[in-house]
Every structure is written in structure tokens, then in C-alpha cells.
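Reviewing the structure listed below.
Taken together, the values in this text are just the output of simple stated rules run on the coordinates, not laboratory data. Owing to the predicted nature of the structure, the values given are computational and were not obtained by experimental measurement. Here the Cβ positions follow ideal geometry from the backbone for every residue, glycine too, while neighbour counts run over all protein chains shown.
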Amino acid sequence: MRHGKKDNHLSRTKEHRKALFKNLTLALVQHKRIRTTLAKAKALRRYVEPLLTKAKTNTIHSRRVVFSYLQHKQSIDMLFGEIASRIANRPGGYTRVLRAGFRPNDSAEMAYIELVDFNEAALEAQTAKRRRTRRSRGAGKTTEVAKTETKTETESNNEQPTE
């Protein structure tokens, strides 16, 4: 039984999983979006979200804690600089997992994992969204114009000159 076993072991030892998540996190911080299997992307979310939360407070202690996980100075600088400034007012949910079909050779389900505030297309679509109705607005205007035209025609027809 799996009682109390919440982590996906991904058929790896603890050391191998730790190295895998470290490398995936470094790639995610560097490229802002990576493609991996769905299981790895979901497991990576649990690993990287606390590090991003820690990066929001730029103190020596938080830098040392994050460095103990990643051991890469340039990525730490990027994480505490560019990324932390973008996620500063976000209360959580820094990553997004998007399914990307199946891998051809072994049919593993693939996914993209990305930092939410760095996907420019999704940000533009989110701000450009507007509420839509079933009826188009143009049709409503034309029917109102048509109604007023028919009213004036009927009124003019009713007013026949008397001789």
C-alpha cells in the first residue's frame, strides 16, 4: 500500500532524483520554459515552487538556502534578480504545466513546464480577453436601425393625404 508516500519516485534512487530535479530547475531558471515528461513536470513543480518563494526575499540566508539546492551562481543571480522581481506580488503558483502530446518512440506523455510571468503570449491573451455575448453587437445595432426605419415607413404610410 502507498499510505503516506506522496512523492513520485520516478523509478530513481534518492540521489538520482535530487540530481534530476536540480538539473531541471537550472534549465527552467535559465530558459523559463522546458519540455519534459508529464510526471517529471508535476514532480518538479513541488521542488521548484518553494525555491521561487524563497527567492522573493533577497537575504543572505535565503540565497544560501537556494544555493544549497542548486549550486550554480549565475542561476542564483538570475533567480533573485530578474525572476524575483516579476513574481514579487504573486502569492504562489509560479509555474504552469501544459500538456504537449506523446513522445513518438515510447508514447510517454510530454509536457511543457514554464514560469507563468514569462510567457508573453499568455499574458497578452489574458489582458486582451473581453467578455463576449452570444449575439454580436453589430447585429443589435442593425436591428435597431431597421426597426426605426420600418416605424418611419409605417407612419408615413398611415398619413395619407385627404382630398
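The distance linking segment 59-138 with segment 14-38 is 14 Å (Cα centroid to Cα centroid, whole angstrom).
Taking amide H as placed 1.01 Å from N in the peptide plane, the amide H of Met110 sits under 5 Å from that of Leu38, Ala100, Gly101, Phe102, Arg103, each at least 5 places away or on another chain. Working ranking of peptides 59-71, 98-110 by packing, defined as the average number of other Cβ atoms within 10 Å per residue, highest first, is 59-71, 98-110.
Short-range pairs are left out: with C-alpha atoms under 8 Å and at least six residues apart, the relative contact order of segment 14-117 is 36 percent. The label point for Lys6 and the one for Lys42, both projected 7 Å from the Cα toward the Cβ, are 1.5 nm apart. As a proxy for reagent exposure, Thr57, Thr133 were ordered by neighbouring Cβ count within 10 angstrom, fewest first; the result is Thr133, Thr57.
Net charge of the neighbourhood of Asn89, taken over other residues with C-beta under 14 Å away and scored Lys/Arg +1, Asp/Glu -1, is +2.
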